Each structure stands twice: as structure tokens, then as C-alpha cells.
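Notes for the one structure printed next.
What follows is calculated from the coordinates using simple rules that are stated; it is not laboratory data. Because the structure is a prediction, the values reported are computed rather than measured. Methodologically, a virtual Cβ is constructed for each residue, glycine included, from the backbone with ideal geometry; neighbour enumeration extends over all protein chains shown.
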Amino acid sequence: MTELERNKQNQEVLLLPNNKLGNEGAEIVWKTLANNHTLKRLSLASNGIDDQGIYSLTAALRSNTCLRVLFLDGNQITKSGGKVLAKGLRKNTTLARLALSHNNLGPKGIDTIGKALRNNNTLTELFLDDNGVARNQEAAKQLIAPGTPFGENTGLVFFDLVAGLEEGRALFERNKNLRIERLGSQANILSLSGG
């Protein structure tokens with residue numbers, strides 16, 4: 001029995017970044033999370049978790065009623081893992097902050113997550129920078145265009161995705177919950193956040 005399993009009833013914060021857990025370690029955490037009633041913040045950033053390691057997370061997100069913050073940034077999650085993760089997000093009613101920066105979701109993976117958020121009213125902070133979109137300004141523009149899941153989402157108050165300044169300002173106008181946090185050193189980089 002792991003330390004996590006022994007202490008699962010009273011653990012509120014579990015920070016395990018950079019521990020080389022991989023998919024096997026993530027599987028143990030996900031199984032424990034599914035029945036946990038106290039864990040509110042979990043970081044599995046930079047642990048070598050790929051799409052295979054995300055499958056069990058979907059079941060955990062569906063059944064867990066406490067987790068509010070989840071850091072999965074710096075792993076190897078692609079559009080396939082994004083699709084699986086989106087299934088869990090559709091059913092989850094407690095997760096408020098999700099960090100997926102520095103993965104390999106690409107525009108299709110990000111769009112799939114955006115579609116899942118149409119049915120999710122609790123996720124208000126989403127970090128997606130460095131997912132293969134920053135260098136593709138056209139893809140970024142398409143992700144936040146009017147009529148798209150992110151373009152019409154009014155529940156997000158922090159949305160971090162590099163986009164053209166003009167499109168970012170238009171998104172800001174459509175969603176009054178967002179505010180401009182900072183402009184990058186280049187005139188075409190915009191970061192949006194809520195206040």
C-alpha cells in the first residue's frame with residue numbers, strides 16, 4: 001500500500017511535480033483520487049505522463065467531488081489524451097483550475113477540450129500555452145473566433161493561449177469576465193485573465 005493510499009482520507013494537497021511517475025505512477029494516483037473525499041489540489045506536472053496515463057484520470061474526474069486544482073503541465077499529452085480528458089471534464093463539477101501548458105495537445109486537442117467546457121460551469125481557469133499553437137497564429141485565431149467553444153465561453157475567467165492581438169481583444173469584448181493581464185513584448189502576443 002502506498003503512502004498516498006494510507007493517507008487518502010485526510011490529504012488536501014499533494015504536490016508531486018518532477019518525480020518521473022510516468023503512466024504507472026499516475027495510474028496509482030488516479031485510482032486513489034477516484035475514492036478520495038479530501039484532496040483539493042494535485043500537481044503531477046512534468047512526470048512523463050502521456051495519453052495512456054490519462055485514461056484512468058477520466059474515471060477519477062467523473063467520480064471525484066473534491067479536487068479543485070489539477071496541474072498536468074509539462075507532460076506528453078497529445079490530442080488523443082485531450083479527447084479522453086475532455087470526457088472527464090464534461091462530467092466533473094468541482095475542478096476550477098486546470099494547467100495543461102507545455103504538452104502537445106495542438107489545435108485539435110485544445111478544441112476538443114473547449115467543446116467539453118460547453119457542459120462544464122465550474123472550470124474557470126485554464127492554462128494551455130505552449131501546446132503547438134503559439135507558432136501557428138492562424139490556429140490560435142480559429143480557436144477563439146466567434147462561434148467556437150472558446151470564442152463563446154463566458155465561464156472562463158482566466159484563459160492562457162497565445163493569440164493575435166486583434167482576435168484576443170475581440171474575445172475580451174465577447175466575454176466580460178476576462179481581462180487583459182499583460183501584453184507580451186511583441187505587439188501580437190496577448191495574455192488574458194480574469195479579475
Please name which of Thr112, Leu33, Ser80 has its Cα lying farthest along the dipole of region 30-154 towards the positive end, using unit charges on Cβ (Lys, Arg +1; Asp, Glu -1) and the Cα centre as origin.
-> Leu33
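Tell me, Thr122, Thr58, Thr65 in order of fewest to most beta-carbon neighbours within 10 Å? Mind dumping the intermediate values first?
Details: Thr122 14, Thr58 20, Thr65 9.
With the sparsest Cβ surroundings first, the list reads Thr65, Thr122, Thr58.
Ranked by Cβ crowding within 10 angstrom, fewest neighbours first, how are His102, His37 ordered? Don't skip to the answer; put the middle values down first.
On the way: His102 18, His37 10.
The most exposed by this proxy come first: His37, His102.
Among Leu44, Leu143, what is the fewest-to-most ranking by other Cβ atoms within 10 Å? Write out the running numbers ahead of the final one.
Working: Leu44 26, Leu143 22.
Listing Leu44, Leu143 from fewest to most nearby Cβ atoms yields Leu143, Leu44.
How about region 95-131: which trypsin sites (Lys or Arg not before Pro) there are in a DSSP loop, with at most 14 other Cβ atoms within 10 Å of their Cβ?
On the way: sites: Arg97, Lys108, Lys115, Arg118; in loops: none.
Loop-located and lightly packed - none at all.
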